[in-house]
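The values are calculated or read from the model by the stated rules, or taken from the named source; none is laboratory data. These numbers were taken from a predicted model, which means no experiment stands behind them. Note that each Cβ is placed from the backbone with ideal geometry, even for glycine, and that neighbours are counted across all protein chains shown. All accessible areas refer to the heavy atoms of the entire protein, side chains included, with ligands and DNA or RNA removed. Shrake-Rupley method; radii C 1.70, N 1.55, O 1.52, S 1.80 Å.
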Amino acid sequence: MCGIVGYVGHRDAQQVIIKGLKRLEYRGYDSAGIALLNKGLNVYKKKGKVSELEEYLKGKELASTIGIGHTRWATHGEPNDVNAHPHYSSSKKLAIIHNGIIENYSSLKQELINKGHSFTSETDTEVLIHFIEDIQENNHCALDEAVRLALTKVVGAYAIVIMSLEDPNLLIAARKGSPLVIGVGKNEYFIASDATPIIEYTNEVVYLNDFEIAVINDDKLKIKTVEDAPMTPYIQKLEMELEAIEKGGFDHFMLKEICEQPRSIKDCLRGRLDSQSGRLVLGGIREYVNKLANADRIIILACGTSWHAGLVAEYMFEEFCRIPVEVEYASEFRYRNPIVREGDMVFAISQSGETADTLAAIELAKSKGATIFGVCNVVGSSIARASHAGSYTHAGPEIGVASTKAFTAQLTVLSMICLIVAQKKGTITDQKFHEMLVELENIPAKVEKTLKLNDQIREIAYTFKDATNFLYLGRGFNFPVALEGALKLKEISYIHAEGYPAAEMKHGPIALIDEEMPVVFIATRDSSYEKIVSNIQEVKARKGRVIAVVTEGDKLIPDMAEFTIEVPAVQETLMPIVSVIPLQLLSYHIAVMRGCNVDQPRNLAKSVTVE
Ligand code: G6P
């Protein structure tokens, strides 16, 4: 969602900011803008892509060593030039960029209107900067104090950066619920929603915490809380490499990330698993293994693709640990009156570690006494920090909006956690434990082999690129894969697709099947193989067009299906890590053939930081 970039130093601010905004494009947005100090505080903004803003800036006098820039994902007010950020204060001496929602904006707006303020946009953000300026004028205080006082009155979530005409070296940033990273360079500072705009300039960063305000003035960074307590900036080293956030010769980030999976899974296993010595250690959860083994139940909270990973984990934990598991959409869980008991173990799964609903759901569970384990990809993210313990997935930055390598890394981490707990609990035999370690170690090679099916899958994609509907069916561990396959297709190709448990087809979706309907079966050799073969027959009998993902050497299904995709044999519980790969490729190729913007599909955001 909204992307924030701020810069103050000795470089050309416009260049740093525009480049930074391009790095943040993957988050999803519909307009962009920039404010610079050049013979005045000037704001330029445009509906559409950053490239359109860049075009609009051509020929303008923009030299400035300080500035703020923003990509907006519309919440309050439609995407247009006026609602785009930055927004001016009443006097136009201040400009603000904002990610999040000020929930009490309408009452603040009314108060300000009563005082004679008028507004040009429909946004909550413009209200906030007017409010700050109003406080500054009434209290005759410094800008940072006015920001602090204003934030004590604000309800909602925010990451903001403010600059002022009267302080040419001053940037003020604050956060609650939306991420902000400050890059510390040599006589220069960068502020951004995540580290991607910063990494090429410095690897020293400070992650701002909730309720903190950063004041960068005359080359000094000071941090205080909204309660006015001074904090010492904690500078951390970024581990990210620049090449990890570039396309590296691929047409799209999504394809790059699909193809990276043998490596990302290896990275996820590295240093944690060694089948020869029987070693399986996840440092992040070590102290909690006993507690997990004694848990009465596990609750998994997640959204989107991460929720699908949670569903696979449910089956795994039940299989190996015999612990009841409930997998919850974070957005539903937090608005019910969920029963959480002290001692409940909660897993929060999130690629970005910033999904607002997941974050709020774990806060709720925490307040009821649950122990929270984060399974996040982004190091230092809000969910990772709000968790008691956890394990990173180490998949590297995922830029394509459709999640791919994060999903397989989540499954890898969750299966390791599950095996550690099962061993502790004694619900897995030594032999099975060892077999599983070997199988996990072999997964990267099997994923590599599956990726070689790319050309075959591209041909299948060509056959079905004009379909208007798709059904994805699977059973057992492959049921969540069916859901994930359908989600990938709708996200990036805008084809309507539904994932279903294959046996449930008879309770509804079967009515949709005719000679036009492509039905993707994930029918690898497992405990429900015979059953799914019958389901394929049922679809065939109604002239549906069957595409089947099967285990190499399958003798039965190739005779029934119009297209068969053969993946290597994998132990049933780990099969989703492999069987999802052809579905990722299928949706990718279909989307490309339909001319869709694969990496930035319409309306979607990579990191959903509003509720
Ligand atoms: C958005 C993304 C999805 C992702 C979901 C959950 O919808 O587009 O790819 O699965 O959020 O995100 P998280 O970062 O919490 O895994």
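Per-structure values
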quantity: Segment 361-384: number of residues that are open to solvent by 10 Å² or more (accessible area, probe 1.4 Å), more than 20 Å from TYR335 (Cα to Cα) and without any contact (Cβ under 8 Å) to a residue 60 or more places away in the chain; calculated: 2
quantity: Scan of segment 325-338 for residues that are open to solvent by 20 Å² or more (accessible area, probe 1.4 Å) and under 26 Å from SER193 (Cα atoms), ordered by number; calculated: TYR329, SER331, ARG334
quantity: Selection count where residues are within 25 Å of VAL181 (Cβ to Cβ) and among the polar types (S, T, N, Q), scope segment 47-103; calculated: 6
quantity: Residue within segment 359-367 that is under 26 Å from ASP194 (Cβ atoms), within 11 Å of the ligand (Cβ to nearest atom), acidic (Asp, Glu) and touching a helix residue (DSSP H, G or I) at 6+ places or on another chain (Cβ under 9 Å) present; calculated: no
quantity: Candidate set: segment 339-351, residues that are modelled with pLDDT of 90 or more and open to solvent by 10 Å² or more (accessible area, probe 1.4 Å); chosen: the one nearest to the ligand (Cβ to nearest atom); calculated: GLN351
quantity: Residue selected from segment 476-497 under the condition within 19 Å of the chain's Cα centre (by Cα) and free of Cβ contacts under 8 Å to residues at least 40 places away in the same chain, by the criterion nearest to ALA402 (Cα to Cα); calculated: LYS490
quantity: Every pair of residues 6+ apart whose Cβ atoms lie under 9 Å, when the first sits in segment 138-158 and is more than 23 Å from ASN169 (Cβ to Cβ) while the second is outside any helix (DSSP H, G or I) and among the basic types (Lys, Arg); calculated: VAL154/LYS176; GLY156/LYS176; ALA157/ARG175; ALA157/LYS176; TYR158/ARG175; TYR158/LYS176
quantity: Positions within segment 342-360 being of a type in the set (Val, Ile, Thr) and either closer than 25 Å to ARG27 by Cβ or in contact (Cβ under 8 Å) with a residue 60 or more places away in the chain (or both), in sequence order; calculated: ILE349, THR355, THR358
quantity: Residues within segment 534-567 that are more than 17 Å from GLU459 (Cα to Cα) and either surrounded by fewer than 19 Cβ atoms within 10 Å (Cβ to Cβ) or among the hydroxyl-bearing types (Ser, Thr, Tyr) (or both), tallied; calculated: 14
quantity: Single match in ILE182, ILE198, ILE162, ILE191 (criterion: modelled with pLDDT of 95 or more, crowded, with 19+ Cβ neighbours inside 10 Å, at negative phi and not in a strand (DSSP E or B)); calculated: ILE198
quantity: Filter pass, VAL567 being without any contact (Cβ under 8 Å) to a residue 60 or more places away in the chain, among the aliphatic types (A, V, I, L, M) and more than 16 Å from the ligand (Cβ to nearest atom); calculated: no
quantity: Of all residues making up segment 588-610, the number that are over 19 Å from the mean Cα position of the chain (by Cα) and within 16 Å of the ligand (Cβ to nearest atom); calculated: 2
quantity: Selection within segment 569-611 - surrounded by 22 or more Cβ atoms within 10 Å (Cβ to Cβ), within 29 Å of SER193 (Cβ to Cβ) and touching a Ser or Thr at 6+ places or on another chain (Cβ under 8 Å); calculated: VAL580, GLN584, SER587, ALA591, LYS606, SER607, THR609
quantity: Residues of segment 447-475 satisfying the condition of being part of a helix (DSSP H, G or I) and within 26 Å of the chain's Cα centre (by Cα); calculated: VAL447, GLU448, THR450, LEU451, ASN454
quantity: Flag if GLU318 is more than 22 Å from ALA384 (Cβ to Cβ), touching a strand residue (DSSP E or B) at 6+ places or on another chain (Cβ under 9 Å) and without any contact (Cβ under 8 Å) to a residue 24 or more places away in the chain; calculated: yes
quantity: Residue list for segment 490-507, filter: of a type in the set (D, E, K, R) and open to solvent by 40 Å² or more (accessible area, probe 1.4 Å); calculated: LYS490, GLU498, GLU504, LYS506
quantity: Where a residue in segment 515-526 is outside any loop (DSSP other than H, G, I, E, B) and its partner, wherever it lies, is open to solvent by 10 Å² or more (accessible area, probe 1.4 Å) and of a type in the set (D, E, K, R), with Cβ under 7 Å and at least six apart; calculated: PRO518/ARG545; VAL519/ARG545
quantity: Where LYS176 falls short, out of the listed (1) surrounded by 21 or more Cβ atoms within 10 Å (Cβ to Cβ); (2) touching a strand residue (DSSP E or B) at 6+ places or on another chain (Cβ under 6 Å); (3) not polar (S, T, N, Q); calculated: (1)
quantity: Matching entry among ILE339, ILE399, ILE323 (being without any contact (Cβ under 8 Å) to a residue 60 or more places away in the chain and among the aliphatic types (A, V, I, L, M)); calculated: ILE339
quantity: The one condition in (1) surrounded by fewer than 21 Cβ atoms within 10 Å (Cβ to Cβ); (2) charged (D, E, K, R); (3) out of contact with any Ser or Thr (no Cβ under 6 Å at 6 or more places or on another chain) that ARG322 fails to fulfil; calculated: (3)
quantity: Pairs, first in contact (Cβ under 8 Å) with a residue 12 or more places away in the chain in segment 446-461, second surrounded by fewer than 18 Cβ atoms within 10 Å (Cβ to Cβ) and assigned to a helix (DSSP H, G or I), C-beta under 7 Å, six or more apart; calculated: ALA461/MET593
quantity: Count of residues meeting criterion [touching a helix residue (DSSP H, G or I) at 6+ places or on another chain (Cβ under 7 Å) and more than 13 Å from the ligand (Cβ to nearest atom)] in segment 371-385; calculated: 3
quantity: Total residues in segment 444-479, condition farther than 25 Å from VAL312 by Cα and of a type in the set (A, V, I, L, M); calculated: 3
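So that you can scan it fast, the table gives a plain yes or no per residue for (1) open to solvent by less than 10 Å² (accessible area, probe 1.4 Å); (2) within 16 Å of the ligand (Cβ to nearest atom):
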position	(1), (2)
ALA395	yes, yes
SER403	no, yes
THR412	yes, yes
ILE420	no, no
LYS424	no, no
LYS449	no, no
GLU459	no, no
THR463	no, no
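Residue-wise test of (1) open to solvent by less than 10 Å² (accessible area, probe 1.4 Å); (2) assigned to a loop (DSSP other than H, G, I, E, B); (3) charged (D, E, K, R).
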residue	(1), (2), (3)
HIS98	yes, no, no
ILE101	no, no, no
LYS109	no, no, yes
GLY116	no, yes, no
PHE131	no, no, no
ASP134	no, no, yes
CYS141	no, yes, no
TYR158	yes, no, no
